[in-house]
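The values are calculated or read from the model by the stated rules, or taken from the named source; none is laboratory data. As the structure is a computational prediction, the values presented were derived from the model and not from experiment. Virtual Cβ from ideal backbone geometry, glycine too; neighbours counted across all protein chains shown. Accessible surface is based on the protein model in full, side chains and every heavy atom, while ligands, DNA and RNA are left aside. Shrake-Rupley method; radii C 1.70, N 1.55, O 1.52, S 1.80 Å.
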Amino acid sequence: MKKFYNIFILSVIMVASLASCERPFLEPWPPDAARTEEDVWNTYDYAKGMVDVLYADQIMCPYIYDITGYGMLSSATDESEHSVSTCAVQNFTNGVWNPTNMPTFLYGGPWNSGRYSRSPYLNSYVGIRRANIFLQNVHKTDLLIDDPSDPTKAKELTYFKGQTYFWRGLLQFWLLRAYGRFVISTVPEDPSDPQSLLRPRNTIDECVAQIVKDCDAAIDSLPTLWDEANWGRVDRTAAQALKSRVLLYYASPLYQGNWEGWGAPKNTTGDVQRWIDAADAAREAINDNDFYQLTKVTQFGRPYSYNKSGSYNDVVVLNANMENKEIIFATGKTTYYSGRNEFYSLPAGVDGCYGYTNPTQEMVDEFEVVTGTGADRKAVPFDWNNPDHAKDPYANRDPRFYASINYNGKFWGSSSSKGYYIDTYEGGVHRNRLLPNSTKTGYYYCKFLSEKFYRYKSGYYTTPSRRRHEFRFAELVLNYAEAMNEAYGPYGEDPKGALRIDGINTAEGAINAIRARVNMPPLDKGLSKDQMREKIKHERWIELCFEGHRFYDLRRWKEGDKLGEPIHGVVITPTGFDSKNRPTGFTYKVEKVEDRVWRDCMYWWPIPQEEIVKYPAGEFEQNPGW
């Protein structure tokens, strides 16, 4: 697939030049680099590069360890524990983060050999300024225009402005979900006028209205799909997906009610119109473009990843080509970071691997058990008090369990000769309590990892191309289910029409569609609105686990107290060994791994102290409780 970032290096030079027309400390100038603002707008590639640099610099890196120090955001939730106690992600769970000490994220996109360790606050405003510069100045060029005489450029300016509106909306949303209220900026700020910069934060309502305005401008300007040469740019569905997510957040309890009191109580609907708007936005995103699909999973046996035959991980993300109809927007296809996901995640005790992310027992227990056959087939919650469950805890689980968790006794690898069993029993090669980064819970993460990567050793791994996704189709269906339940109840029909997916028009139907594509039984009938809400939260957790959603979902639902509960793991003890020294049976005991800290002020990130002190004392409001 062709890449549209061939001019990335020039873009970076060009954007840097906009900070000043002179920049003498960068002398001597490369002979072909932009030296003045006029150079930028009079050079086609530089003008385009003002937008392309947003893809390159502002999005997170295309590997899953996005928190500085090789941490996943899942380890700041009840999904997982980081195996290294000093990793920065631990600051979220031990209560030591504050306005002067916050974990940072790695930004830089797939084609940037450099990565930027930034707070969401800094990264968003850097990108918003770039977007504002483009929107205010692009009229100065007669090179980037809508040219009806050239079919390849008939709407080029319109499309580039649409992309920029999307990016500004996305960066504003990242501010909203982390900090709540923020200072809206829609024109390039003037550093020569410091007083103009000292503006108060806007209200939640104003922030959401601005993001939706940018989404609508992007939706009106972007193509339905791009051609192959431009594949990877945001299209109209990406802007609709962003709008869907924004309105779902806006309807959630944290965003309703009193700001200083961290919103409305959990499990309250509040303003029904907000949920109706969220349902409308999700429906429009789903129905507008029939290219994107909830692709059916057809491969349920091992290997579970990257075998190109319809496995869950292949369908959802590992197939990085154009035929992947699940991914709506992601980083471009790249091999630059290939292998890092695997050798940071595969078990400690395997050559060159670190085993940093350890799923919790809470995460493992959330995957349901499937019982019965035929018409009697149903799913039930896993229960350690059920003797059948406790005797063989990894049998007959939701298929997404096997695609997400490396558990004791699982065989890893698509090749029988190179693969191996995951041995996290006491004394097993993958659970050595004397090894600092050996699993703390008895499990290792494996969602979206390639089973063609066995160990970090020559001849034992390949370098798969991959993309890091921001929006995928399943999220839209989950958004629709949640909004529909709050607006109309579990079985209330959508008054504005059905989805193009099997005529679905209820919350129940949307959740059952998510379950059906992985061959999970449908929900029981007769659920109340409250019961359906819990089923939707369960399904969202399972489907989107380890993708960075739960950190913010628990906050917007006002269920932050769950982040302050202890996390657990499992002690697995062999009961005997065979002639090949393989265990013949096990006993299991749940153990506490870690106590965690939660305070209600953590519903929002603290505003960085370096921003607070730019204002006269007391004039810039810190988030409640910080």
Filter result (among the aromatic types (Phe, Trp, Tyr) and surrounded by 21 or more Cβ atoms within 10 Å (Cβ to Cβ)) within segment 417-472: TYR425, TYR443, TYR444, TYR445, PHE448, PHE453, TYR454, TYR461, PHE471
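Every residue, every condition in (1) part of a loop (DSSP other than H, G, I, E, B); (2) under 30 Å from TYR354 (Cβ atoms), yes or no:
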site	(1), (2)
CYS87	yes, yes
VAL96	yes, yes
ASN123	no, yes
ILE145	yes, no
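Can you tell which of PRO616, PRO606, PRO574 is of a type outside the set (Asp, Glu) and under 28 Å from SER345 (Cα atoms)?
PRO574
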Residues located in segment 495-509, provided they are over 28 Å from the mean Cα position of the chain (by Cα) and touching a residue at least 12 places away in the same chain (Cβ under 8 Å): LYS496, GLY497
Checklist (1) open to solvent by less than 20 Å² (accessible area, probe 1.4 Å); (2) in contact with a Lys or Arg (Cβ under 9 Å, 6 or more places away or on another chain) applied to ASN123, failing item: (2)
Condition check for ASN319: among the polar types (S, T, N, Q) and surrounded by 21 or more Cβ atoms within 10 Å (Cβ to Cβ): yes
Some residue of segment 552-567 being touching a Pro at 6+ places or on another chain (Cβ under 9 Å) and small (Gly, Ala, Ser): no
Residue count for segment 142-185, restricted to those that are of a type in the set (A, V, I, L, M) and more than 33 Å from the chain's Cα centre (by Cα): 3
Flag if ALA498 is closer than 21 Å to ASN287 by Cα, surrounded by fewer than 19 Cβ atoms within 10 Å (Cβ to Cβ) and hydrophobic (A, V, I, L, M, F, W, C): yes
Count of residues meeting criterion [open to solvent by 20 Å² or more (accessible area, probe 1.4 Å), among the hydroxyl-bearing types (Ser, Thr, Tyr) and either closer than 30 Å to GLU559 by Cβ or touching a strand residue (DSSP E or B) at 6+ places or on another chain (Cβ under 6 Å) (or both)] in segment 212-264: 1
Of the criteria (1) in a loop (DSSP other than H, G, I, E, B); (2) open to solvent by 20 Å² or more (accessible area, probe 1.4 Å), which one GLY332 fails: (2)
Residues of segment 41-73 that turn out to be open to solvent by less than 10 Å² (accessible area, probe 1.4 Å) and without any contact (Cβ under 8 Å) to a residue 40 or more places away in the chain, as a count: 1
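Matching residues to (1) of a type in the set (A, V, I, L, M); (2) without any contact (Cβ under 8 Å) to a residue 60 or more places away in the chain; (3) surrounded by 15 or more Cβ atoms within 10 Å (Cβ to Cβ):
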{"residue": "VAL138", "(1), (2), (3)": "yes, no, yes"}
{"residue": "SER149", "(1), (2), (3)": "no, yes, no"}
{"residue": "LYS161", "(1), (2), (3)": "no, no, yes"}
{"residue": "ALA178", "(1), (2), (3)": "yes, no, yes"}
{"residue": "ILE184", "(1), (2), (3)": "yes, yes, yes"}
{"residue": "VAL187", "(1), (2), (3)": "yes, yes, no"}
{"residue": "GLU206", "(1), (2), (3)": "no, yes, no"}
{"residue": "GLN210", "(1), (2), (3)": "no, yes, yes"}
